[in-house]
Amino acid sequence: MLNENFLRLSQNYLFSDIARRVREYKEENPSARIISLGIGDVTQPLPQASIDAMHRAVDEMASADTFRGYGPEQGYAFLRQAIVDNDFTARGIDLDIDEVFISDGAKSDCGNIGDIFSTDVTVYVTDPVYPVYVDSNVMSGRSGEKLPDGTWSHIRLLPVTAENGFVPQLSDLNTADGELEGALIYLCYPNNPTGTVISRDELKKWVDYALEHSCVIFYDAAYEAYIRHDDVPHSIYEIPGAKRCAIEFHSFSKTAGFTGVRCGYTIVPKALTVTASDGTEVHLRDLWNRRQCTKFNGTSYITQRAAEAIYTPEGKAQVRRTVDYYMQNATFLRENLQCLGYTVFGGEDAPYVWLQTPLREGSTTERISSWEFFDHLLRDLNIVATPGVGFGPSGEGYIRLTAFGRREDYEEAIRRFEMIK
Ligand SMILES: *Cc1c(COP(=O)(O)O)cnc(C)c1O
């Protein structure tokens with residue numbers, strides 16, 4: 001009677017392992033001042049514009065004349081229009097508000113999107129990867145057999161490492177058995193965990209490939225607001241043809257501090273169709289709309305007003321200030337670690353720095369493992385990081401540092417790194 005796919009999930013010990021090691025260290029060293037650079041949540045408050053909008057919305061709820069009950073499952077037009085105008089039209093992308101679905105965050109939609117696809121397809125994810133993409137496919141029975149190395153036969157890993165510039169390569173696709181036809185491909189840029197980006201030219205290769213092989217790309221743009229460089233695309237729809245092959249996920253969590261408020265949106269273009277087994281062309285937008293109307297009753301009115309306020313002139317300025325604050329942390333971290341001789345990636349268009357662990361003493365090729373370096377940072381510097389290997393086998397030899405903390409913690413962290421130099 002169980003969905004036994006849940007029993008097949010790999011235990012994700014990463015964050016509980018980290019917590020246990022930190023707890024044990026603290027018990028042995030009660031006076032240690034531990035700095036967490038592993039934190040995956042934002043720390044700065046909501047933009048004032050959103051706070052004001054929420055107060056007004058609460059007052060509307062208090063009066064029968066302005067009270068709102070169930071809203072549209074797809075989201076209110078005021079927010080969908082603000083999204084189209086600011087995130088797309090302003091970048092030269094033509095979208096209709098019917099292509100925008102407001103959600104309670106990108107994690108839900110990244111996890112739920114599989115509802116409208118067959119379980120009999122091959123899935124491609126990058127390695128390292130945001131674990132939601134893998135686990136949600138295991139739960140829905142799309143993973144195939146578990147292989148001896150702990151990976152899955154139908155979830156294929158595309159390594160992203162320093163060697164390929166953290167961009168998945170078409171040559172790493174398994175072209176055997178025509179399994180690529182109709183595959184589902186997850187891309188996340190700017191990337192969590194590596195903090196790296198993809199250029200328009202590299203992304204175009206994936207769009208062209210997906211069009212040629214009837215694949216669908218799931219493009220997670222949760223960190224889009226952190227992009228600083230002009231050659232980095234903010235949306236996959238900047239690439240010609242992407243509306244015919246891609247679904248895009250956005251979140252207000254990392255952009256505007258909505259991790260606790262909960263709001264995001266998903267774009268399913270009307271031009272995106274897939275051929276059904278009887279030969280008819282099916283619009284994925286219509287299936288997703290049906291799915292949402294059946295299983296989702298919308299994001300709260302108060303929350304959607306808060307999200308709308310992000311797009312006012314004051315809201316935009318406040319969001320920019322917060323994003324700048326985190327990015328100054330990232331720059332400070334990246335530049336100082338580089339000065340100290342570490343090899344670091346990311347942190348230029350994303351709030352994550354991906355640090356390559358040092359070479360093992362006496363070796364010119366072998367690096368300290370992610371967990372060994374984690375233990376070294378914890379014990380010798382009292383700094384908590386996230387071992388890269390926890391995000392996938394190709395994360396071995398890296399650790400992730402986040403920029404979501406407070407400035408003074410980064411200054412203190414660098415002083416400690418300097419001490420062991
Ligand atoms: C944080 C994050 C999200 C967004 O999650 P929400 O549910 O919107 O809070 C989505 N994708 C990635 C890769 C993330 O790191």
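The values are calculated or read from the model by the stated rules, or taken from the named source; none is laboratory data. This structure is a prediction, so every number in the text was calculated from the model and none was measured. All Cβ positions, glycine included, derive from the backbone under ideal geometry; neighbour counts span all protein chains shown. Remember, those area values only see protein heavy atoms, side chains included, never the ligands or the DNA or RNA. Shrake-Rupley method; radii C 1.70, N 1.55, O 1.52, S 1.80 Å.
Observations
- Rounded to the nearest 20 debye, the dipole magnitude of segment 268-354 is 320 debye, with +1 charges on Lys and Arg beta carbons, -1 on Asp and Glu beta carbons, and the Cα centre as origin.
- Computed accessible area, PHE67, all protein chains, 1.4 angstrom probe, square angstrom: 120 Å²
- Taken over segment 243-329, the percentage of Cα pairs per 10 Å bin, counting from 0 up to the bin with the maximum distance, is 14, 34, 28, 17, 6, 1.
- Cα Rg, Dmax (largest Cα-Cα span) when computed across segment 202-255, Å: 11.6, 34
- Ranking of CYS188, CYS293 by solvent-accessible surface, largest first: CYS293, CYS188 (1.4 Å probe, protein heavy atoms only, all chains present).
- Protein-only accessible surface at a 1.4 angstrom probe places the residues MET139, MET54, MET419 in the order MET419, MET139, MET54, largest first.
- Charging the Cβ of each Asp and Glu at -1 and of each Lys and Arg at +1, and nothing else, the dipole of the chain about its Cα centre rounds to 880 debye.
- In segment 117-254, the ratio of gyration radius to Kirkwood radius, Rg to Rh, stands at 0.94 when only Cα atoms are counted.
- Helical runs (DSSP H, four residues minimum) scored at -39500 (n - 2.57) apiece and divided by the length of the chain put the mean residue ellipticity at 222 nm at -10000 deg cm²/dmol.
- Computed over protein heavy atoms with a 1.4 Å probe, the carbon and sulfur contribution to the accessible area of segment 183-279 reaches 47%.
- Charge context of THR386, other residues only, Cβ under 15 angstrom, K/R +1, D/E -1: -2
- Legend: residues GLU412, GLU212, GLU99, GLU24, sorted from most to least accessible area (1.4 Å probe; ligands, DNA and RNA excluded), read GLU212, GLU24, GLU412, GLU99.
- Of the trypsin sites (Lys or Arg not before Pro) in segment 345-393, the ones in a loop by DSSP (not H, G, I, E or B) with at most 14 other beta carbons within 10 Å are ARG360.
- Cβ-based charge dipole, segment 148-235, positive-most Cα from ILE155, ILE227, PRO193: ILE227
- Loop-located GluC sites (Glu not before Pro) in segment 266-364, at most 12 other Cβ atoms within 10 Å (DSSP): GLU361
- Cβ-defined net charge surrounding PRO269, 9 Å radius [Lys, Arg +1; Asp, Glu -1]: +1
- Rg/Rg_globular for segment 224-284, with Rg_globular taken as 2.2 N^0.38 Å and Rg from C-alpha atoms: 1.45
- Amide H contacts of THR343: GLN356, each under 5 Å away and 5 or more positions distant or on a separate chain (H built 1.01 Å from N in the peptide plane; Pro and chain starts excluded).
- Comparing ASP172, ASP41, ASP208 in a Gaussian network model of the chain, where Cα atoms under 10 Å apart are tied by springs, the biggest mean-square fluctuation is seen for ASP172.
- Scanning residues 5 or more positions from CYS188 or on other chains, those with amide H under 5 Å from its amide H are ASP220, with H placed 1.01 Å from N in the peptide plane.
- Rounded to the nearest 10 Å², the accessible area of ARG415 at probe 1.4 Å: 120 Å²
- Across all directions, the average projected area of the convex hull around the alpha carbons of segment 324-421 is 6.0 nm².
- Translational diffusion of segment 82-130, µm² s⁻¹ [Kirkwood Rh, Cα pairs; Stokes-Einstein; 4 °C; 1.567 mPa s]: 95 µm²/s
- Whole-percent pair-distance distribution, where bins are 10 Å wide, for the alpha carbons of segment 8-157: 8, 21, 25, 25, 17, 4, 0
- Figure legend: label point modelled 7 angstrom from the Cα of ARG20 along Cα→Cβ; residues of segment 345-379 with amide N under 17 Å from it are 371-372, 374-375.
- Rough spin-label spacing in nm, given labels placed 7 Å along Cα→Cβ, for GLU60 and SER153: 5.3 nm
- Treating r as the C-beta distance of LEU9 and ARG228 and R0 as 30 Å, the FRET efficiency rounds to 0.25.
- For the chain, the antiparallel share of DSSP beta bridges with both residues in that region comes to about 60%.
- Computed as a quarter of the hull surface, the mean projected area of the alpha carbon convex hull for segment 192-314 stands at 9.6 nm².
- When you filter the trypsin sites (Lys or Arg not before Pro) in segment 189-257 for DSSP loop state and at most 16 other Cβ atoms inside 10 Å of their Cβ, you are left with ARG228.
- Once the 1.4 Å probe is applied to the protein heavy atoms, the chain comes out at 44 Å² accessible per residue.
- Charged side chains reduced to their Cβ positions (Lys and Arg at +1, Asp and Glu at -1) give segment 45-168 a dipole of some 300 debye around its Cα centre.
- Local electrostatic count, ASP230, Cβ distance below 12 Å [Lys/Arg +1, Asp/Glu -1]: 0
- Over the chain, the pair-distance histogram of Cα-Cα distances with 10 Å bins from zero comes to 4, 21, 30, 26, 14, 4, 0, 0 percent, rounded to whole numbers.
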